[in-house]
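Okay, structure first, notes after.
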Amino acid sequence: LLKHFIMSAADDMSNCAACGKGGDDLKTCNACKMVKYCNATCQKAHRPMHKKECKNRAAELFDEALFKEPPPKDECPICCVSLPLTNAGSIYKVCCGKILCIGCAHGVDQVDNRALCPFCRTPAAKSDEEYNERIKKRVDDHDPIAIHQLGCLYRDGNGLTQDYDKALELLLQAGELGCTPAYYSVGNAYYNGISVERDMKKATYYYELAAMGGDAISRHNLGVFEYNSGNKNRAVKHFMIGAGAGFDNSLREIRKCFMAGYATKDDFEKALRANKEAKDEMRSDQREAAAAFKRSE
């Protein structure tokens, strides 16, 4: 009878799943969001009956978040066209904290042989030291992109004394403040064993955070992990999202999955269309001209 009462209470989100008491101050289970408790004592008492259901529901909720369509891409603040997928197609301007596409950043005006920022018209830094001082100032203002950039400078020893511990600290801080590429960088550190012990579980975790924030390369990496682990259906889901973001490597993997029978013809055709649409959204004559100029240098 007691067990029946407890299970019935668990079905009613207005009552504590353990003791059945109601109230406005009940706390929802953080993992499954399905039941509420008066306090930690009630949650602990109910845990043996709830553990399996909680674990299964938590996994479902995580997958819903993981495979949800990513947020819209950021746009270049000058041309208002979606920014390219990789850093090679854009540049962070430490003077104003804006990310500009290479099309808008290319061929800008100069003063005293120093390029002016196309957005705020500030002259470029005279030296690495001046650039680093500017970026540190933006870090002090809690700019997540600047924090990520500074972390990469410490990681690579670019103009600063190489410090892997400091780099990882900054990258994690940037990720927590909403800089998705920072989580990709942390995932890379654990995947490659850079300054930390190689840890695939942690690499996957940070790639997942980056993928949920819209990072297509992290998404693709997760697809590769799942494919190599034999989870072909999950791999296809990742590759479909990556291809839809405009990442050609994911599109190629979808084609391989289709040829091997793991993806349907409809999947492949859908990925093709979505990939083209995404790349069209990121394309501009200015960007193509800038890329061609860069290749010719």
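The values are calculated or read from the model by the stated rules, or taken from the named source; none is laboratory data. The shown structure was predicted, so the numbers you read here are calculated from the model rather than taken from an experiment. Every residue, glycine as well, gets a Cβ built from its backbone with ideal geometry; the counts of neighbours run over all protein chains shown. Quick note on the areas: whole protein, heavy atoms, side chains included, nothing else; ligands and nucleic acids left out. Shrake-Rupley method; radii C 1.70, N 1.55, O 1.52, S 1.80 Å.
Observations on the model:
- Test set (1) open to solvent by less than 30 Å² (accessible area, probe 1.4 Å); (2) closer than 23 Å to G89 by Cβ - R252 fails condition number: (1)
- Per-region count, the range 32-45, residues surrounded by fewer than 16 Cβ atoms within 10 Å (Cβ to Cβ), of a type outside the set (K, R) and part of a loop (DSSP other than H, G, I, E, B): 1
- Contact map, the range 240-261: first residue closer than 14 Å to Y227 by Cβ, second residue of a type in the set (D, E) and assigned to a helix (DSSP H, G or I), Cβ cut-off under 7 Å, separation 6 or more or different chains; pairs are M240/D267; I254/D267; F258/D267.
- The range 273-295, subset touching a residue at least 24 places away in the same chain (Cβ under 8 Å) and under 25 Å from K232 (Cβ atoms), residue surrounded by the fewest Cβ atoms within 10 Å (Cβ to Cβ): A274
- The numbered conditions (1) within 34 Å of the chain's Cα centre (by Cα); (2) in a helix (DSSP H, G or I) are all true for P48 except (1).
- Hits in the range 61-108 - residues which are of a type in the set (A, V, I, L, M), out of contact with any Phe, Trp or Tyr (no Cβ under 7 Å at 6 or more places or on another chain) and either in a helix (DSSP H, G or I) or without any contact (Cβ under 8 Å) to a residue 60 or more places away in the chain (or both): L61, A65, L66, A88, I91, I102, A105, V108
- Residue within the range 220-239 that is on the phi > 0 side of the Ramachandran plot, open to solvent by 30 Å² or more (accessible area, probe 1.4 Å) and not hydroxyl-bearing (S, T, Y) present: yes
- Extreme residue, modelled with the highest pLDDT, among residues of the range 85-108 that are open to solvent by 20 Å² or more (accessible area, probe 1.4 Å) and closer than 14 Å to A289 by Cβ: I102
- The residue that is least open to solvent (accessible area, probe 1.4 Å), counting only those in the range 146-166 that are over 23 Å from L222 (Cβ atoms) and in contact with a Cys (Cβ under 8 Å, 6 or more places away or on another chain), is I147.
- Odd one out for E129, checked against (1) over 21 Å from C104 (Cα atoms); (2) open to solvent by less than 60 Å² (accessible area, probe 1.4 Å): (2)
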